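One structure is given below, encoded as C-alpha cells.
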Amino acid sequence: MATERGANIPPIKIYSDKFEDHVVLITGAAQGIGETTAKLFAKQGAALILVDIEEDKLKRVLQEIEAAGGKGLIRVCDISDYGQCEQVVEDAIKTYGKIDVLIQLAAIYPFHSIIEHPIDLYQKVLSININASFYFIRTVLPHMQEAGYGRIINTASGTLQLPSPGQNAYVTSKGGVIGMTRQLAVEAGPGITANVIMPGLIQTEHAWNLLSKPDGTNPVFDQLSEKQCVHRAGQPEDVAYTIAFIASPEASFISGQIFDCGGGATFH
Ligand SMILES: NC(=O)c1ccc[n+]([C@@H]2O[C@H](COP(=O)([O-])OP(=O)(O)OC[C@H]3O[C@@H](n4cnc5c(N)ncnc54)[C@H](O)[C@@H]3O)[C@@H](O)[C@H]2O)c1
C-alpha cells in the first residue's frame, strides 16, 4: 500500500471472518478497483459473484481468489442488457439464496469533446454507467427487502467535483448515479442502505495508461497529488477499504451519502 512521504501508517488489519456468510455481488470485477475490492471481500470470508464482460480476466481473478482460500463464482455479463443482469441475479439467488451486498463498479470512461462525441458512444456510456446500476438495483432489491438487510454501493467520480474537458458523458452519468442512489435510499426499506463511493483519481492500470505520456510521466496524477491533502496517488485499495466500511453491518445508520475517497482534493 502506497504511503505519503513522512506518513507512518500502522499495519492495516484484515479480519478473515468479517464478511463470513455475506454474499457480495461486484460488477466490474475483472480488473482495477473492482478486482481489488473483490479480493478484499474474499480475504474477509465473503462469497462473491464476480460480474464483468471480460471472461478471461474474470477467470484469472477467481483463480487468484481461490488460490488464496477465497470463494465465489463468475458471471460474464454485458450489464447494459437488462435480461443479462436479471439472469445473473437469478443465478446468484439460486446458488446462494441471498445477496447481502451489491457493489457496482463497472463503467467506461472515454474522452471526447462535446461537439465531437459520437452519439452512439454517448448512449453507451449512459447505458453502462447509469442504466445498468438501475437494472441491478431493480432485480436485487426485492431479495434484500425480503431479507430485511442489504448494502448497495454505487460508484460516482471525483470528476463531478473537478471535471476535465472531454468527459461530458462520463460526468453526466456519474451525476445520475448520485441522484439514483439518493432516491433509492428513501425507497429501499428497513435494514437496507444505499450509498455512493466517489473515488478521486485512482491508479488503476486503465486510468494510469489513459493519462500517461509516452515518456512514462503522468502529469495529471502528479498535479492532482500536489492539490490533494494527502500527497500521493490514490490506490484501488483506498477505495476498496472505504467500500468495505460502507458494506459492513455497523454502517447501518448511514444512507444516501457520498463517500469521497480522493485524498481531499476537494471539499463538500
Ligand atoms: N480509476 C479512477 O481514477 C477512477 C476515478 C473515479 C471513479 N472511478 C470509477 O471507479 C470504477 C472502477 O474504475 P476502474 O479504474 O477500476 O475501471 P476499469 O476500466 O479498470 O474497470 C472497469 C471494469 O468494468 C468492466 N465493464 C465495462 N463495460 C462493461 C459492460 N458493458 N458489462 C460488464 N462489465 C463492463 C470492464 O471490463 C472493466 O473490467 C468505475 O465506475 C469508474 O468510473 C475510477
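Quick notes
- Every residue from the stretch 216-268 that is in contact with a Gly (Cβ under 6 Å, 6 or more places away or on another chain) and either open to solvent by 50 Å² or more (accessible area, probe 1.4 Å) or of a type in the set (Phe, Trp, Tyr) (or both): 229, 230
- Number of residues in the stretch 113-149 that are touching a Gly at 6+ places or on another chain (Cβ under 7 Å) and either at positive phi or within 16 Å of the ligand (Cβ to nearest atom) (or both) equals 2.
- Filter result for residue 5 (basic (Lys, Arg) and at pLDDT below 95): yes
- Cross-chain or 6+ apart pairs with Cβ under 8 Å, the stretch 19-36 first and in a strand (DSSP E or B), then hydroxyl-bearing (Ser, Thr, Tyr) and open to solvent by 10 Å² or more (accessible area, probe 1.4 Å): 23/96
For every residue, the table says whether it meets (1) within 12 Å of the ligand (Cβ to nearest atom); (2) of a type in the set (Ser, Thr, Tyr); (3) in contact with a Pro (Cβ under 7 Å, 6 or more places away or on another chain); (4) part of a loop (DSSP other than H, G, I, E, B).
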{"position": "170", "(1), (2), (3), (4)": "yes, yes, no, no"}
{"position": "174", "(1), (2), (3), (4)": "yes, no, no, no"}
{"position": "178", "(1), (2), (3), (4)": "no, no, no, no"}
{"position": "181", "(1), (2), (3), (4)": "no, yes, no, no"}
{"position": "190", "(1), (2), (3), (4)": "no, no, no, yes"}
{"position": "193", "(1), (2), (3), (4)": "no, yes, no, no"}
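- Residue list for the stretch 153-169, restricted to those being open to solvent by less than 30 Å² (accessible area, probe 1.4 Å) and more than 14 Å from the chain's Cα centre (by Cα): 159, 166, 167, 169
- When the stretch 1-19 is filtered for residues that are out of contact with any helix residue (DSSP H, G or I) (no Cβ under 6 Å at 6 or more places or on another chain) and open to solvent by less than 100 Å² (accessible area, probe 1.4 Å), the ones remaining, listed by number, are 2, 3, 4, 6, 7, 10, 12, 16, 17, 18.
- Within the stretch 54-85, the set of residues being among the β-branched types (Val, Ile, Thr) and closer than 21 Å to residue 156 by Cβ comprises just one member, 79.
- Qualifying residue in the stretch 170-183 (condition: touching a residue at least 60 places away in the same chain (Cβ under 8 Å), farther than 24 Å from residue 117 by Cβ and crowded, with 20+ Cβ neighbours inside 10 Å): yes
The values are calculated or read from the model by the stated rules, or taken from the named source; none is laboratory data. Keep in mind that what you see is a predicted model, and the values were worked out from it rather than measured. Cβ sites come from the backbone with ideal geometry, for glycine too, and all protein chains shown count toward neighbours. Calculation scope for accessible area: heavy atoms of the full protein, side chains included, ligands and nucleic acids excluded. Shrake-Rupley method; radii C 1.70, N 1.55, O 1.52, S 1.80 Å.
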